Amino acid sequence: MPDRAFTFCRIMYERVRREPGGQGWFTDYPFAEINFMQRLSELTEVHVSLDDAGEPNHYVVQLTDDALFDCPFAMASDVGTAGFTPDEADRLRTYLLKGGFLWVDDFWGDRAWAHWKREIAKVLPPARYAIEDVPLSDPIFSMLYRVPEVPQITSIQFWRRSGGTTTSERGSESAEPHLRAIRDASGRIMVLMSHNTDIADAWEREGEDYDFFFLFAHVGYAMGINALIHAMTH
């Protein structure tokens, strides 16, 4: 990392199954992180790491990379397709227990959730590290912005195909968005999971459609900035 300012790390993983509309680890890459860090620098006092051209620095890391331990905030998309080797699971466990933070986003429906539960169980055994729903009373919903409910944000492609009439990409199966977490022994969130919603598409696609921006970007950035501040201060 070139400096001590904030930067964004995306986790690269092997895709072991497919989901409709998903692209594996590079779903929402790279403009989700570029736009998010640009807005973060405008809306908060956070100092964002910039390259020589003034663009936000962002990184792709594999779980076996030593650089993972330089990442204050890591994110992975379409994780209903991810597969972890034993070495990757061990390294991710070490990263999280040392104080790392992982947010997984943009996976939809029961099969994607069941697959992700199996993969994250390799990292954090559920008997010791339970998955819980984050209640709306949790500070993560009000760190800087008041977010009254878990927002359901769809991909811009699905939103266009539906004529802007629905946000649930798997019909009734994904009608309810969830924000879930795995905490350490002190209650710190190690893994944040936004299921049946695509928060990062609100960042990636903010400049592509006027109506999409006003429907989703505001709450998408609010949720993202809240999550970041919570992760960096707890």
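The values are calculated or read from the model by the stated rules, or taken from the named source; none is laboratory data. Fair warning: this is a prediction, and the values are worked out from it, not measured in the lab. Cβ sites come from the backbone with ideal geometry, for glycine too, and all protein chains shown count toward neighbours. Accessible surface is based on the protein model in full, side chains and every heavy atom, while ligands, DNA and RNA are left aside. Shrake-Rupley method; radii C 1.70, N 1.55, O 1.52, S 1.80 Å.
Any idea which residue in region 117-133 is nearest to Tyr95 (Cα to Cα), counting only those that are open to solvent by less than 20 Å² (accessible area, probe 1.4 Å) and within 17 Å of the chain's Cα centre (by Cα)? Per the stated criteria, the residue is Ile120. Cβ-Cβ contacts under 8 Å between residues 6 or more apart (or on different chains), taken from a first residue in region 180-191 that is in a strand (DSSP E or B) to a second residue that is basic (Lys, Arg), are listed as Ile189/Arg183; Met190/Arg183. Scanning region 42-94 for residues that are buried (at least 17 other Cβ atoms within 10 Å of the Cβ), assigned to a helix (DSSP H, G or I) and either among the acidic types (Asp, Glu) or more than 15 Å from the chain's Cα centre (by Cα) (or both) turns up Leu68, Glu88, Ala89, Arg91, Leu92, Arg93. Close contacts from region 100-116, counting a first residue that is under 24 Å from Leu68 (Cβ atoms) and open to solvent by 10 Å² or more (accessible area, probe 1.4 Å) and a second that is of a type outside the set (Phe, Trp, Tyr) and assigned to a loop (DSSP other than H, G, I, E, B), with Cβ to Cβ under 7 Å and a gap of 6+ residues or different chains, come to Asp106/Thr27; Asp106/Asp28; Asp106/Asp78; Asp106/Asp198; His115/Arg17.
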